[in-house]
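Written below as C-alpha cells is the structure these notes are about.
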Amino acid sequence: MSKRSERRLKWALSIGVVVVAIAAAVILVATKAEPPRAEKPLEGTLVDVIQISASRHDVDLHGKGTVVPAKEIVLQAELGGRVIWQSPELVPGGRFKEGQPIVRIDPRDYQLAVESARSQVNQAKLEMSLEKRRGEVAKREWNAFGEVDVSEEQSALAQREPQLESRRLALKAAQSALKKSELDLARTTLRAPFNAMVVSESVDTGQLISPQSTVARLVGTDEYHVQVSVPVSALRTVTARSDGSPGSAAKIVQHAGEEIIERRGEVIRQLPDLDPGGAMARLLVRIENPLGKKGDLPLLLGSFVDVAIEAAPIEDAIRLPRIALRNGRNVYVMNDKDTLEIREVDIAWTEQDAVLVTGGLGANERVVTSRIPTPVPNMLLRTLAPAPEPAPEPAPASPSAPAAQATP
C-alpha cells in the first residue's frame, strides 16, 4: 500500500472515532432522566420588631439655663459721716443674716440732734401746759361777763383757743423732729435687708461717705432663679405659680467635673420676651436653698445648668425608640399577614432616645426597628424564630439496691 493510501486511512479512522463519540454524547444527553424539580418557598425580609402598647406617660421638659440672683441690691448710705466700724464679713463672699449690722457711721452728731429735738419736745409740752392754764383763766373771765353779743370767732379768741391750738401744733412739729432725728441716728448703722452674700464692697473704716454713697452690692441667699429656654409649643404643658397655686416642679442639675450638684425648684412665671439667642420662650424657675447644707457644693451664680420640668402627663401614648422613626414621622409596621405597612404617626412628645406617639398606631401591633434596604408596601417580612428551649435532662435513675462496698 502506498503512503498516500495509509494517510487517507488514518484520516478516515480519526473522523470515524469523532463521529462515534459525538453520536454517543447525543444519545446520552437525549436519554438522561431529568431530576424532580422542587419549588423554593418564598422568604420575606428578616426584620426585628417590638410589640407596642398604649399607656399614661409622665414626661419632663428639658432645657438649659443660667443661674441668676432672685434679689440683688446696691447698698447705699442714707446720710453722711465717717465710717467708724465695718463688719469683718464685708468682703466678697461674706454672708449676713437679715438685720445684721454691716457698717456704722460716726453717730455723735446725730445723737446731739436727738437730744436737741427731745428738748424741743419738752419745751413745747411745757408751753402747751401753760397755755392750757391761761385758757382756763380766760374762759372763767369770759363766762363772768354773761352773754355778750359777739361772733364765735371773737369768743374763741377771747378764750385763747387759737393760742392753744398753736401750741398743740408746735408740740406735734417738735415730736416729728424728734422722730426724724431718732431715725437718722438709727440710719448710722447700715444693716442687711435680707439674708445676703457680698458680691463687692467699696468702703473702709475711716472713710468719709456722703448720702447715696455705694457701700456694697448684695445678693439674696435664700433663693436663686434660673432662666430656662424652652420651645414655645411646650408652654401649654407647663404651669407657672399663680394665686397661691404651685407651679410645675423642676430639677436643676449642674455638672461640676465629677461632682453633680442637684437642687429642686418651681416654675414661678413665664417671661414676656423670647430668648435673644433664638426663637425660644423663657421660663423663670425658683430654687430654694441654692447654697445647700453645710458640706454641700453650692450652686453658684452664673452657672450653666440643665433643667428638667415636670410637664403634664400624656394619656394613651405609645413610647417608640427613635430608631423606629422613618423620615421623621413614618413607622414600619408588620401586620397580621406578615407584610409591610408604612404608617404616618402623630408625635406628642420627643425625648433624647424615644418619642411618644398618640395617633397612627394601634395597641399590640408590631413595629419594625431594623433597617429595610428597599421598603415597599406589602412586601413580605419575617422575624427570627425563637430558639427552641432545651429539653430538660432526664433525672438519673435511682439505684434499686445500694452499691456493694469493696472488701479489703
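The values are calculated or read from the model by the stated rules, or taken from the named source; none is laboratory data. Keep in mind that this is a model prediction, so the values were computed, not measured. Counting neighbours? That spans all protein chains shown, and the Cβs are built from the backbone with ideal geometry, glycine included. Ligands, DNA and RNA are excluded from the accessible area calculation, which covers all protein heavy atoms including side chains. Shrake-Rupley method; radii C 1.70, N 1.55, O 1.52, S 1.80 Å.
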Accessible solvent surface per residue of the chain, calculated while the other protein chains remain in place, 1.4 angstrom probe, Å²: 68
For q = 0.13 Å⁻¹, Debye-computed log10 I/I(0) when each Cα of region 188-249 counts as one equal scatterer: -0.63
Surface accessible to a 1.4 Å probe, ARG56 within the full protein complex, Å²: 130
Relative contact order for the chain, counting Cα pairs under 8 Å that sit 6 or more residues apart, in percent: 24
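Subtracting the Cα-Cα distance from 0.36 nm times the residue separation, let me have the gained length for LYS179 to ASP338 in nm, one decimal.
48.0 nm
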Estimated [θ] at 222 nm from DSSP helical runs (n ≥ 4, -39500 (n - 2.57)) normalised by residues in the chain, nearest 500: -8500 deg cm²/dmol
Sparsely packed trypsin sites (Lys or Arg not before Pro) within region 332-368, loop by DSSP, other Cβ within 10 Å at most 13: LYS337
Exposure ranking of LEU126, LEU235 by accessible area [1.4 Å probe, largest first]: LEU126, LEU235
Accessible-area ranking of ARG108, ARG269, largest first, probe 1.4 Å: ARG108, ARG269
Cβ-based net charge around ASP306, under 15 Å, with every Lys or Arg adding one and every Asp or Glu removing one: -1
The chain - percent of accessible surface contributed by carbon and sulfur, probe 1.4 Å: 53
ASP109 paired with ARG236, simple spin-label distance in nm, labels 7 Å along Cα-to-beta-carbon: 6.5
Cut-off 19 Å (backbone N to label point 7 Å along Cα→Cβ of VAL199), residues of region 213-256: 213-228
Under 17 Å from the Cα of LYS139 - aspartates and glutamates, other chains or at least 8 residues apart: GLU131, GLU147, ASP149, GLU152, GLU153, GLU161, GLU165
FRET E, pair GLN212, SER116, Förster distance 22 Å, beta-carbon r, rounded to 0.05: 0.30
Rough spin-label spacing in nm, given labels placed 7 Å along Cα→Cβ, for ALA23 and ALA256: 10.6
Under the span-like rule (Cα at least 30 Å along the axis, Kyte-Doolittle mean at least -1.0), DSSP H helices of the chain: 3-31, 161-186
Reach of LYS337 by Cα under 20 Å, taken over aspartates and glutamates that are not fewer than 8 positions away in the same chain: GLU43, ASP48, GLU365
Pairs from LYS97/LYS251; LYS180/LYS293; LYS71/LYS293; LYS71/LYS172 whose Cα-Cα separation, in the structure shown, is over 31 Å: LYS180/LYS293; LYS71/LYS172
3J(HN,Hα) from dihedral phi, region 191-202, Karplus parametrisation 6.51/-1.76/1.60, rounded to Hz, x for glycine, proline: 10, 6, x, 7, 4, 9, 10, 7, 8, 8, 9, 9
Between region 173-218 and region 39-116, the Cα center-to-center distance that results, in Å: 25
Radius 11 Å from Cβ of ILE105, net charge of other residues (Lys, Arg +1; Asp, Glu -1): 0
